[in-house]
Structure formats: C-alpha cells, structure tokens
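Since the structure comes first, as structure tokens, the remarks are kept for the end.
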Amino acid sequence: MHYQKTIGYLTLSLFFAFQTNNAQNLASKFQAILDSTYNANKDVVGILMHIESSGDNISWSGAAGFSDKTTHEKLHKNQPVLVASNTKTYIAASILKLVENKQLQLDNSIHRIISEKTRYALQQAGYLTEEITVRHLLSHTSGITDYVSESYFSFIDEHKQYKWTREEQIELSMKIASPTSPGESFAYGDINYLLLSEILENKKQKAFYLAVSDLLDFDKNGLHNTWFINLEEKPSHSLALAHQYAAKYNWDSYDVNPSWDLYGGGGLAATTKDIALFFELLFEGEIIKDKALLAEIYTYVLPRELTRNYCLGLYHIPSFFGKKVYYHGGWWGTDVIYLPDYHTSIAVFSLSKEKRNLNGGLSNRIFQEIAK
C-alpha cells in the first residue's frame, strides 16, 4: 500500500512538473512572438496581448514596447486602454441578459423603451419608432443615420477637449437624418448603441454604465480592470492608461476628451486580460446561460455578405486564417477574437491605430503555437 501511494505521488508530481514546464515554455514562446512583432514594427509604440483558453488551461498576458512614445516609459502587461467599439459587445450582452431575465424581447419596438425626448426627436426627423426594434439597433439595421462622420472628426480635431453629451450626439444624428426602412440594410453606426444605452437605463432604472456592470456582474466574473472612462472612478488598483495614437489626426488619447466616444458605442477602458476573459466567459455560457439566446449574438440578421459578417454587437467571421471566430474591434486599435472550436480568446491592442493590421497576424501566430 505504501509503495502504491509513493508511485501515485511521484506520478502526480511528474504530471504537475510537466504541466508547469509546458506552461513556461508556451509563455516564453508567446513573449518571443510578441517581441519579434514589435521589433519589426517599432512605430506601433507598444503592443499588449492576452490569451485566455479554458480548453488548454492558458491564461497569459504580455507586453512589448512603450506606454508613452514621448517619455519611453515601458509598457506594462496589465495597463488598460480605451477599447472604443469593443464596448458594443458588452452592451449587446447586457441587452441579451435583460432578455434572459424576461425584462425585454429582441423584437420589441423601441417606441416605448427609449426616453420620451429621444422618441420625439426621432419622430420629428422622420423615423417610425414603432417599426424599429431592439434587434435592429443591435445589428445596425435600424435605418437611423449616424452622427459619426468626417465633419464630426474635424470638429473633434479642432476642439479636442469639448465635452459631448449623449443628447447632443443624438441631436446631431437627427440634424443629418436620412431615414431608410428598418431591417432592410446594414449601416454601422454608434447612434444605435446610444439608443440601446437609453433602453438599459429605462429597464434597470439606473445609469447605463451601472446597468452594464450589474447585468454582466463584473465583480463576480473577475472583470476588475474594466470601467466606463470619465463616468466611473478608475479602480484604485488599476494602472494608468497607456497612451494610444492616431497618426491621421496626430492624436494622443490623453489629449482628447473621451466623451466623443463614450455612451455605449464606445466608452469602456479595460486590460487585454479583462476583455479576453469577458469573451471567454460570454461564449462559454457563464454570463448568458440560455444557449439558444446566446446564439443570437453570433447569428446573422441579414445575409452575412450584406452586413460584413456583423450579427448583434459582434462579427461572426467564418474563416479567419481558416478558423471560425467571433470578433470585435475598437477605433484606437483594440481587437479581440474568440475561437469557439478551441475555447480560446485572444486580445491584442496596438497603441498606434494605423498599425492595428498587426493584430490579426499576431493572433494567428499565437494560435498556431497553442495548436501544436
């Protein structure tokens, strides 16, 4: 008996030693891939990455480069950034959570669940609010003209510290309204998610950013470095935001008031670990338990060719380097993918917006290492 126990302990020890060595080897390979990408593209300023894989028991974060191109302060793997339109997946998941809680239906008209002021503004601009549904907003098929345009960016460029309100942005959309029939065509627009944030407030009777963290249970799910910038206090344990750059406008994210992209279409700050973990939890059924309901988020509402693979707050791409992925990205250069066949999520943030084309190739190289 003693001999058998000894053999058992030795077997367990060898198993855990193998697992530890394997994890260390993978971590070294991940960092080497990240470093080689950065060294070949130093104008990216810095790159952040996280891999979360329940299928392979991997949870790894890495960084390369600088968090500030002026001071050359070293980038830390746990630094958060503005994730911009990645926020839309969180809003969509929050709406689906309301559906799961029997507080809403995807095909409800928005007529009675947006604010009275906004309903009136939409109707005055020629929109038939009884015909526009929650699903239309989530899928960008509402027919509502978006306020984000080149003139919008020009104004921001000239007034970088202007503090926008959600009401002003909705009003701007109404000023340039050119209504089309809901459900017939796809036109990506932040205005849809501003209206969804109103619906969240209506149903939860609290500010939309509080409704999101409540519905998605940030605390329970370990999303401790995720918050709405300027609407909530930065968590005391979170590191300073890394600088993000857009060469086209010569912007440093620190110099632009984030209110231009804040009220549901964007607005979240997060680390790569938090956003990869969120995707993992979401698609592993830990947030939305109803599998049929969860499937709505990656189901096309129109033929996918007409919507550029967009579903409900999420892109469903049938072949990304030959693999099916669920994806969303953000304006500043933040990308996250989930590979459902491999139970793996990969988040990559390039601090230079113009270098975000690195993110896809880097994700693929990392996945190929995992798949060996």
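Could you tell me which of the residues Glu354, Glu369 is surrounded by fewer than 20 Cβ atoms within 10 Å (Cβ to Cβ), within 20 Å of Ser67 (Cα to Cα) and in contact (Cβ under 8 Å) with a residue 12 or more places away in the chain?
Working: Glu369 fails: within 20 Å of Ser67 (Cα to Cα).
Checking each option against the conditions leaves just Glu354.
Return yes or no: is Lys117 in contact (Cβ under 8 Å) with a residue 40 or more places away in the chain, surrounded by fewer than 20 Cβ atoms within 10 Å (Cβ to Cβ) and within 25 Å of the chain's Cα centre (by Cα)? Against the criterion (in contact (Cβ under 8 Å) with a residue 40 or more places away in the chain, surrounded by fewer than 20 Cβ atoms within 10 Å (Cβ to Cβ) and within 25 Å of the chain's Cα centre (by Cα)), Lys117 does not qualify.
With respect to Ser53, is the statement that it is over 28 Å from Ile170 (Cα atoms), hydroxyl-bearing (Ser, Thr, Tyr) and in contact with a Gly (Cβ under 9 Å, 6 or more places away or on another chain) true? Step through it out loud before you land on a result.
Working: over 28 Å from Ile170 (Cα atoms): yes; hydroxyl-bearing (Ser, Thr, Tyr): yes; in contact with a Gly (Cβ under 9 Å, 6 or more places away or on another chain): no.
Spelling it out, it is not the case that Ser53 is over 28 Å from Ile170 (Cα atoms), hydroxyl-bearing (Ser, Thr, Tyr) and in contact with a Gly (Cβ under 9 Å, 6 or more places away or on another chain).
Count, please, the residues in the range 63-74 that happen to be closer than 16 Å to Ser253 by Cα and surrounded by 23 or more Cβ atoms within 10 Å (Cβ to Cβ). Residues flagged as closer than 16 Å to Ser253 by Cα and surrounded by 23 or more Cβ atoms within 10 Å (Cβ to Cβ) within the range 63-74 amount to 1.
Which of the residues belonging to the range 258-286 are in a loop (DSSP other than H, G, I, E, B), over 28 Å from Asp157 (Cβ atoms) and open to solvent by less than 10 Å² (accessible area, probe 1.4 Å)? Before the answer, list the steps.
Within the range 258-286, the first condition is being in a loop (DSSP other than H, G, I, E, B), and the residues that meet it are 262-267, 271, 284-286.
Now restrict to residues that are over 28 Å from Asp157 (Cβ atoms): 271, 284-286.
The answer is Thr271, and nothing else.
Restricting the range 160-183 to residues that are open to solvent by 70 Å² or more (accessible area, probe 1.4 Å) and in a helix (DSSP H, G or I) leaves a set whose member that is nearest to Ser197 (Cα to Cα) is Glu167. The single condition from (1) basic (Lys, Arg); (2) in contact (Cβ under 8 Å) with a residue 40 or more places away in the chain; (3) out of contact with any helix residue (DSSP H, G or I) (no Cβ under 9 Å at 6 or more places or on another chain) that Arg304 fails is (2). Within the range 187-220, the set of residues being outside any helix (DSSP H, G or I) and surrounded by fewer than 18 Cβ atoms within 10 Å (Cβ to Cβ) comprises Ala187, Tyr188, Gln205, Lys206, Ala207, Asp217, Asp219, Lys220.
Test Tyr147 against the stated conditions and say whether it is part of a loop (DSSP other than H, G, I, E, B), open to solvent by less than 10 Å² (accessible area, probe 1.4 Å), within 22 Å of Ile229 (Cβ to Cβ) and of a type in the set (Ser, Thr, Tyr). Against the criterion (part of a loop (DSSP other than H, G, I, E, B), open to solvent by less than 10 Å² (accessible area, probe 1.4 Å), within 22 Å of Ile229 (Cβ to Cβ) and of a type in the set (Ser, Thr, Tyr)), Tyr147 qualifies.
Okay, residues lined up against (1) within 25 Å of the chain's Cα centre (by Cα); (2) of a type outside the set (A, V, I, L, M):
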{"residue": "Leu128", "(1), (2)": "no, no"}
{"residue": "Val134", "(1), (2)": "yes, no"}
{"residue": "Tyr152", "(1), (2)": "yes, yes"}
{"residue": "Lys163", "(1), (2)": "yes, yes"}
{"residue": "Arg166", "(1), (2)": "yes, yes"}
{"residue": "Ser173", "(1), (2)": "yes, yes"}
{"residue": "Ile176", "(1), (2)": "no, no"}
{"residue": "Leu196", "(1), (2)": "yes, no"}
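Flag set for Asp157, criterion: open to solvent by less than 70 Å² (accessible area, probe 1.4 Å), assigned to a helix (DSSP H, G or I) and not hydrophobic (A, V, I, L, M, F, W, C). Whenever a residue of the range 218-246 is more than 18 Å from Leu75 (Cβ to Cβ), its partners that are in a loop (DSSP other than H, G, I, E, B) and aromatic (Phe, Trp, Tyr), lying with C-beta atoms within less than 8 angstrom and at least six residues away or across chains, give the pairs His224/Phe218; Thr226/Phe218.
The values are calculated or read from the model by the stated rules, or taken from the named source; none is laboratory data. Only a predicted model underlies this, so the values are computations on that prediction, with no experimental measurement involved. So basically every Cβ, Gly included, is an ideal-geometry build from the backbone, and we count neighbours across all protein chains shown. Each accessible area value is taken on the protein alone, full model and side chains, heavy atoms only, with ligands, DNA and RNA left out. Shrake-Rupley method; radii C 1.70, N 1.55, O 1.52, S 1.80 Å.
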